[in-house]
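K.L.:
One structure coming up, written as structure tokens, with questions to follow.
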Amino acid sequence: MSAAIQPGRFISFEGTEGVGKSTAIDNLCVRLDAEGVAYIKTREPGGSPFAEQLRSLLLDVKTQINDDTELLLMFAARSDHLQQVILPALAAGQWVICDRFVDSSVAYQGYGRGHGDAQMLAKIDSLIDRFVPTLPDLTLWLDLPVQEGMQRAQKRSAADRFEQQQLDFFDRVYQGFQAQQQAHPQRIQRVDAAGDAEQVASRIWALVQELRA
Ligand code: TYD
């Protein structure tokens, strides 16, 4: 008789612009490869064919939508991504490494757009409640001063619809991540994202090891 498949672990990465998520994710994947852990690497908004179409619309600087529409599109993309990609991978025993997840909606739509307004936060909570059956086992919040991250991000390609926002928007997004971490201190671990990439990778690996125990 074959042993039951052990569900995979779900890890999300979060943070404001330019904190080094992509490098941190790549470094984690190198370590998972070395340990022979089966995983998929994915991202939000996006990660499934339909959600990637929504991503293009959401990031396009020509897109003009109100805050509720933006919020609903983020969750429409997330719902498709969950059903098509994340849940099947976890059920098959694969780990899921996801660049952003629900905490970005709280931080960007709830605090960035909504200024932490209680009604906006309640809408997001209810969307999570109804449409997100599985939260990450571990969320790594890469913490770097907003301005430092923005300077790094500006060196990259042309700004998308979110990157075009001003400093005060990203200050609020930062507060959103901070509030989420305080509300969910078990799931969300703060990672000091300053220092070189190898140091950050080691900090992350230590936290991921605890999940494997
Ligand atoms: P990402 O590709 O991670 O951008 P970056 O490389 O700049 O970190 O994410 C795209 C943008 O989408 C990012 O600016 C944050 C935003 N976003 C939201 O506003 N809400 C969400 O729920 C998610 C998942 C992302």
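K.L.:
For the range 1-44, name all the residues that are closer than 22 Å to residue 169 by Cβ and either open to solvent by less than 20 Å² (accessible area, probe 1.4 Å) or assigned to a loop (DSSP other than H, G, I, E, B) (or both).
P.N.:
Across the range 1-44, the qualifying residues are 12, 13, 14, 15, 16, 17, 18, 19, 20, 44.
K.L.:
Look through the range 16-27, keep the residues that are within 19 Å of residue 189 (Cβ to Cβ) and in contact with a helix residue (DSSP H, G or I) (Cβ under 6 Å, 6 or more places away or on another chain), and return whichever of them is farthest from the ligand (Cβ to nearest atom).
P.N.:
27
Residues checked against (1) surrounded by fewer than 14 Cβ atoms within 10 Å (Cβ to Cβ); (2) more than 12 Å from the ligand (Cβ to nearest atom):
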{"residue": "135", "(1), (2)": "no, yes"}
{"residue": "153", "(1), (2)": "no, no"}
{"residue": "156", "(1), (2)": "yes, no"}
{"residue": "162", "(1), (2)": "no, no"}
{"residue": "171", "(1), (2)": "no, yes"}
{"residue": "174", "(1), (2)": "no, yes"}
{"residue": "188", "(1), (2)": "no, yes"}
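K.L.:
May I pose another question? What number of residues within the range 119-133 are out of contact with any Leu (no Cβ under 9 Å at 6 or more places or on another chain) and open to solvent by 80 Å² or more (accessible area, probe 1.4 Å)?
P.N.:
4
K.L.:
Assess whether residue 96 counts as being touching a Ser or Thr at 6+ places or on another chain (Cβ under 7 Å) and either within 13 Å of the ligand (Cβ to nearest atom) or in a strand (DSSP E or B) (or both).
P.N.:
Taking the combined requirement at face value, the residue satisfies it.
K.L.:
How about the range 190-199: which of its residues are in a helix (DSSP H, G or I) and open to solvent by less than 60 Å² (accessible area, probe 1.4 Å)?
P.N.:
197 - this is the single residue of the range 190-199 that is in a helix (DSSP H, G or I) and open to solvent by less than 60 Å² (accessible area, probe 1.4 Å).
K.L.:
Same structure, new question: Output the qualifying pairs, or none if there are none: Cβ atoms under 6 angstrom, residues six or more apart or on different chains, first residue in the range 61-89 and more than 18 Å from residue 128 (Cβ to Cβ), second residue assigned to a helix (DSSP H, G or I) and more than 9 Å from the ligand (Cβ to nearest atom).
P.N.:
Sorted first by the residue in the range 61-89, then by its partner, the pairs are 63/57.
K.L.:
Which of the residues spanning the range 147-174 are within 21 Å of residue 74 (Cα to Cα), among the charged types (D, E, K, R) and outside any helix (DSSP H, G or I)?
P.N.:
Selection gives 160, 161, 163.
K.L.:
Taking the condition of being outside any helix (DSSP H, G or I) and either within 20 Å of residue 128 (Cβ to Cβ) or more than 12 Å from the ligand (Cβ to nearest atom) (or both), how many residues in the range 46-60 meet it?
P.N.:
So the count comes out to 3.
K.L.:
Mind checking whether some residue in the range 101-114 is of a type in the set (Phe, Trp, Tyr), closer than 20 Å to residue 39 by Cα and open to solvent by less than 70 Å² (accessible area, probe 1.4 Å)?
P.N.:
Among the residues of the range 101-114, at least one is of a type in the set (Phe, Trp, Tyr), closer than 20 Å to residue 39 by Cα and open to solvent by less than 70 Å² (accessible area, probe 1.4 Å), which makes the answer yes.
K.L.:
Still on this model: With the checklist (1) more than 15 Å from the chain's Cα centre (by Cα); (2) surrounded by fewer than 19 Cβ atoms within 10 Å (Cβ to Cβ) in hand, flag the one item residue 80 doesn't pass.
P.N.:
Exception for residue 80: condition (2).
K.L.:
Does the range 45-72 hold any residues that are open to solvent by 50 Å² or more (accessible area, probe 1.4 Å) and of a type in the set (A, V, I, L, M), and which are they?
P.N.:
Once the filter is applied, which keeps residues that are open to solvent by 50 Å² or more (accessible area, probe 1.4 Å) and of a type in the set (A, V, I, L, M), the range 45-72 yields 57, 61, 65, 72.
The values are calculated or read from the model by the stated rules, or taken from the named source; none is laboratory data. Model, not experiment: these values are computed from the prediction. Glycine gets a Cβ as well: all are built from the backbone with ideal geometry, and neighbour counts include every protein chain shown. Remember, those area values only see protein heavy atoms, side chains included, never the ligands or the DNA or RNA. Shrake-Rupley method; radii C 1.70, N 1.55, O 1.52, S 1.80 Å.
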